[in-house]
Structure formats: C-alpha cells, structure tokens
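Visitor: Quick one: structure below, then a few questions.
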Amino acid sequence: MSKPSPKVLIIGSDGSIGSHLRAYLESQGREVIGTTRRPGRVGDSCLYLDLAADVEAWPVPEGVAAAVICAGISSVQACAIDPNGTADVNVHATVTLAKLLASAGYPKIFFLSSGHVFDGERPLESADARLSPVTEYGRQKADAERRLASLGNTIAIVRLSNVLTPHNPLIRGWTESLKAGQAIKPFSDMTMAPVPVSFVSQALAAIIDQPTGRVWQISGAKDVSYSNAASLGARALGMPQKLVQPIKAAEAGFAETVRRYTSMDSSRLSNELGLKPPDVDRTVELAFTNPSALGSVR
C-alpha cells in the first residue's frame, strides 16, 4: 500500500493562485485544507481566516506537513493608495501567521513573494540579489521576507513574476476591445515576464516537497512590454495592429515607479526540478485566444 501524501494547508485557497494550486494538488491525490475570508465558502476542508482580523487567535489545524501562504493584497496601486492598511495584511498579519504556524510545529512554510522586491534595473535577476524595491507593494514583500528570515529553515520564499490566469482583467479587457474593433492603449514602458498559473501550480507542488530555508523564483524567461504583448495578442486574434496604440504609464495616471525589467532567474527550477517555464510569447497568445488553457491542470 502506498504511503499517503502529507497534508497541505493553503492560506487563501480561493484566490487566483491558491484556487489553482489547490485544484492541482488534489488532482495529484494530495489532501488539502484551505482558508477563505468569505464566510459563505467555509466548509470541512476550507476554514475561515481573515488576515485583516485577529490572526493570533486563529485555531491552527493539526496534522499538516506544509503550509503555503497565498493570501495577501497584490495590487500595486492599492498598496500605493493605502500603504498602512495594506501593510497590515501583507506584512504584519502575514508574519504573525507564519510565526503562529511555526510555533504550532509546522515543519515547512512557503511564502509567496514577488519580483517587486527588486528595482527592475536588470533582467533575469538572481535569487540572491540585494532586495531593492521601488514600489510600495515591493517594499511590503521585501519587509515580509526580511522578517520571515527569523524562522530559519522552516520558511521558504517563492518569488513570482506576472502570473496569468484565465480571468486576467487587463488582458480580458484588451481582448474584448480588440474583438469589437476598438483601440487599446497598453503601456510601452511597463514590462511583464508572464507564466501561466498552471505552471506556477505545478512548480509550487514540486517545491513543497523540497527542503525549506531557500529562495525559489518562478518567472518567464524574458521581458515583454505591455504594448508588445498587446501586439502579440492582436496578431493572434487576427485583428489590425493599428488598434494597438501604446502610451506611457504616466499618461494613464499610473502613480507608482515603473520597473524596466520584471524577469527573474528561474534556473533552480530547471536544474533541480526539471521544470522550464513555458515560452513567454506563447503564454501571451494563449491569454488572448484560449485563456482557459492557462489554468488547465496538467
């Protein structure tokens, strides 16, 4: 008889990444407990947890071998508008929760961070590069990473670049406009290094079984500007390129610092786990033509 797989706790299992990770793990026969801040979704395998509430009083579930912290406020603009309120969730509550899990005897805790911890001055930033955030969101993630270092080998950091899901509102809006023959105005000075959420789920599932105390990075292998991504999408949809009318981020009122590069070195994934991120151009084309494929369980 095969040995049962260790139970995994996903904090934020109904979020854009957490929900896909849960589906992937369950497709592999893993037992999963999730959390939600929506009371209507609470059930036997989905517990209530609101990071904006009293985290210290949360009853930590027992018998869990690994926890993945997916919950948080990931909007760059939301963090810029309300730095204190978002930091309460992204830093203070998150670190408190991780320490609570460690105190309860959890041997492995995985924290989902972001490439925003870097200034974006270099492509394919290495995992051991100095943290140099230039956005409020990045500062919060970097602060959380530094504080979580106190947990030593119990914690692992997993930095993500741009994760494309089947319901990405920006690309969905572009697609709808292009199909209607309407012009779109993507930023020419903002870049992405996208990976589909299906690959992120596959990579996280593999990372969960690895030793903690390390930093992992999941990123597309190159940077592509938003305007070039939109052009790729228009071409894939068979729509005229004249509908893509690039502008600068500042022209649209984007207040935060624009990073030149967003890609990170993901060689540890390929070297140690045999996982290579999908081609960036293909990922972008799928986001426009077959977005459901971005979340397909492999």
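Visitor: Rounded to the nearest 10 degrees, what's the angle between the helix 94-103 long axis and the longest principal axis of the chain, both from Cα atoms, 0 to 90?
Guide: Once rounded, the angle reads 30 degrees.
Visitor: Given axes a ≥ b ≥ c from the Cα gyration tensor, I'd like to know whether segment 35-148 is rounded (a/c under 1.5), prolate (a/b larger than b/c) or oblate.
Guide: Because a/c hits 1.5 or more and a/b exceeds b/c, segment 35-148 counts as prolate.
Visitor: Then there's this: Can you sort Ser103, Ser74, Ser45, Ser16 by how many other beta carbons sit within 10 Å, fewest first?
Guide: Exposure proxy ranking, most exposed first: Ser103, Ser45, Ser16, Ser74.
Visitor: Given Cα pairs under 8 Å that are at least 6 residues apart, what percent is the relative contact order of the chain?
Guide: 19
Visitor: In whole Å, what is the distance between the alpha-carbon centres of segment 251-297 and segment 134-153?
Guide: Taking the Cα centre of segment 134-153 as reference, the centre of segment 251-297 is 22 Å away.
Visitor: Right, another one. Hey, what angle do you get for helix 280-289 against the long axis of the chain, alpha-carbon based, 0 to 90 degrees rounded to 10?
Guide: 80
Visitor: While we're looking at this one, here's another question. Considering the values [x] 19.2; [y] 21.8; [z] 19.8, which represents Kirkwood radius over Cα pairs in Å as calculated for the structure under consideration?
Guide: Matching the structure shown: [z].
Visitor: For the ranges 54-60, 225-231, 151-157, what's the packing order if you count other beta-carbon atoms within 10 Å of each residue, average per peptide, and put the highest first?
Guide: For the peptides 54-60, 225-231, 151-157, the packing ranking is 225-231, 151-157, 54-60.
Visitor: Cross-link candidates for Lys108: which lysines have Cα within less than 23 Å, leaving aside residues fewer than 8 places away along the same chain?
Guide: Leaving aside lysines fewer than 8 places away in the same chain, those within reach of Lys108 are Lys3, Lys7, Lys99, Lys141.
Visitor: Related question: Round to the nearest 10 and give me the degree value, 0 to 90, for the angle of helix 197-208's Cα axis relative to the longest principal axis of the chain.
Guide: Long axis of 197-208 versus the principal axis of the chain: about 30 degrees.
Visitor: Still on this model: For a test of the definition: using alpha carbon positions, the gyration tensor, and the 1.5 limit on a/c, classify segment 139-250 as rounded, prolate or oblate.
Guide: prolate
Visitor: Could you work out [θ]222 nm for the chain from helices alone, using -39500 (n - 2.57) per DSSP H run of at least four and dividing by all its residues? Round to the nearest 500 deg cm²/dmol.
Guide: My calculation for the chain gives -9500 deg cm²/dmol from helical runs alone.
Visitor: Would you list which lysines come within 28 Å of Lys185, measuring only between C-alpha atoms, while excluding same-chain residues fewer than 8 positions from it?
Guide: Filter leaves Lys222, Lys242, Lys248.
Read-outs: derived from the displayed coordinates by stated rules, not from any lab. Keep in mind that what you see is a predicted model, and the values were worked out from it rather than measured. Glycine also receives a Cβ, built like all others from the backbone with ideal geometry; neighbour counts cover every protein chain displayed.
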